[in-house]
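Chemist: Can you read through this structure? Questions will come right after.
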Amino acid sequence: MTNRVGVIGAYGFMGKNHARNLRALEESDGNVRLVAVSDVNPKVDELGHIYGIPAYADYHEMLSGASLNAVVVAVPTAQHCQVVCDALESGLHVMVEKPIAFSADEADVMFKLAQQLERILMVGHIEWFNPVVRRLVKMIQDGDLGQVLMIETKRLNPFPTGRDQAVGIAIDLAVHDIFNVLKILDLIGKPFYGKPLAAGGTSPLTSTKFEDHITMLLPANGVVAEVTASWLHPFKVRQTTVVGTKGTAVADLMSREIVFYPIGEGFDAHDLAAAMYNLNFVERRIPEVPERAVEPLRLELQEFIASVSEGRKPAVTAEDACEVLEIALQASKQVLGGEK
Ligand SMILES: NC(=O)c1ccc[n+]([C@@H]2O[C@H](COP(=O)([O-])OP(=O)(O)OC[C@H]3O[C@@H](n4cnc5c(N)ncnc54)[C@H](O)[C@@H]3O)[C@@H](O)[C@H]2O)c1
């Protein structure tokens, strides 16, 4: 069956990318068609014209009139709950942008409604679909790194000026890495438990009253998992490093390259210090990354469509997204010292 998909918030930054990728998937995959777009911005008509499909100013009209079976919701996060619930109640499967919501209560409402109506609700934790993250995960699963000891993520950039910051960096950006770290911890059988332990806060360097830099430790048995995000850095970094008993892999999420620093032969795999002092990390390897040039958003949408077609759970569920949001909210609260 061909899935008839619409995009709500289609004229926005992410909405345009979703529409473009859905149209590209339509050409490569037989089971999806972009059939309608909606945005309160009247310029959405231009998009409708480009794609040769109807454009709606009122998404309710699209939900009732465009014979859809799925939608992508890319409106501002504060509106996710209302729009997602309307779409679910119209009987549609939904893919909503990250973060699922700004509050745990709203996230819970969406999750429970999707469950009750037996509709798929996938959340756009896009970095899970980054080809370099997939390669890193495969290396971990194949045992290339040995026993995982540390996972460290960095997401750094200058403060995004001109943006109305409704939340801090934990909820806006760190959620990408929290999701990936939780998934990796699950895959290696060392699941996250308890609460994050966070340091950071707000600084005089930005105009936000929310945290603009944060580092959090995510407790897991025998693994140090650390997520850092900052709006105070003069440059952009998106990096995930995994240290294992057989070596360390450093993944650059922007260039989509991995460098692997194996621990040399002849050393006790558990004697990291000896291996390092003997400089046996010198033999770097650059593992090939399949589908390196493919946009993560395309792979994410492909997964959404596949989960709808196959009637199965998507790789990123609403339940996962609720847990990620909860951790980000707790970390933000810790560093801000109370409610904001
Ligand atoms: N996955 C990522 O890497 C990533 C990156 C940026 C933003 N996001 C997320 O995507 C979402 C949108 O962010 P953005 O940066 O694209 O915002 P944006 O402001 O560029 O776009 C939002 C669009 O929604 C439209 N809109 C608002 N209310 C609407 C309504 N009731 N009906 C129809 N359209 C409506 C706006 O006119 C606008 O065009 C947010 O949840 C954000 O967190 C995700």
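The values are calculated or read from the model by the stated rules, or taken from the named source; none is laboratory data. Computed from a prediction, not measured in an experiment: that's the story for all the values here. Note that each Cβ is placed from the backbone with ideal geometry, even for glycine, and that neighbours are counted across all protein chains shown.
Chemist: With the checklist (1) surrounded by fewer than 22 Cβ atoms within 10 Å (Cβ to Cβ); (2) away from the ligand (no atom under 12 Å from the Cβ) in hand, flag the one item Pro160 doesn't pass.
Modeler: (2)
Chemist: Can you pull out every residue in segment 178-200 that is over 30 Å from Asp142 (Cβ atoms) and at pLDDT 95 or above?
Modeler: Scanning segment 178-200 gives Leu197, Ala198, Ala199, Gly200.
Chemist: Hey, among Ile140, Ile178, which residue is within 16 Å of the ligand (Cβ to nearest atom) and either out of contact with any Lys or Arg (no Cβ under 7 Å at 6 or more places or on another chain) or among the hydrophobic types (A, V, I, L, M, F, W, C) (or both)?
Modeler: Only one candidate qualifies: Ile178.
Chemist: Same structure, new question: Restricting to strands (runs of 3 or more DSSP E) lying wholly in segment 180-262: which have 2 or more residues that are among the β-branched types (Val, Ile, Thr), surrounded by 16 or more Cβ atoms within 10 Å (Cβ to Cβ) and in the same structural domain as Pro160 (by TED's automatic domain parsing)?
Modeler: Working: elements: 197-201, 213-217, 224-230, 232-244, 247-252, 257-262.
Once the strands (runs of 3 or more DSSP E) in segment 180-262 are filtered for at least 2 residues that are among the β-branched types (Val, Ile, Thr), surrounded by 16 or more Cβ atoms within 10 Å (Cβ to Cβ) and in the same structural domain as Pro160 (by TED's automatic domain parsing), what remains is 213-217, 224-230, 232-244, 247-252.
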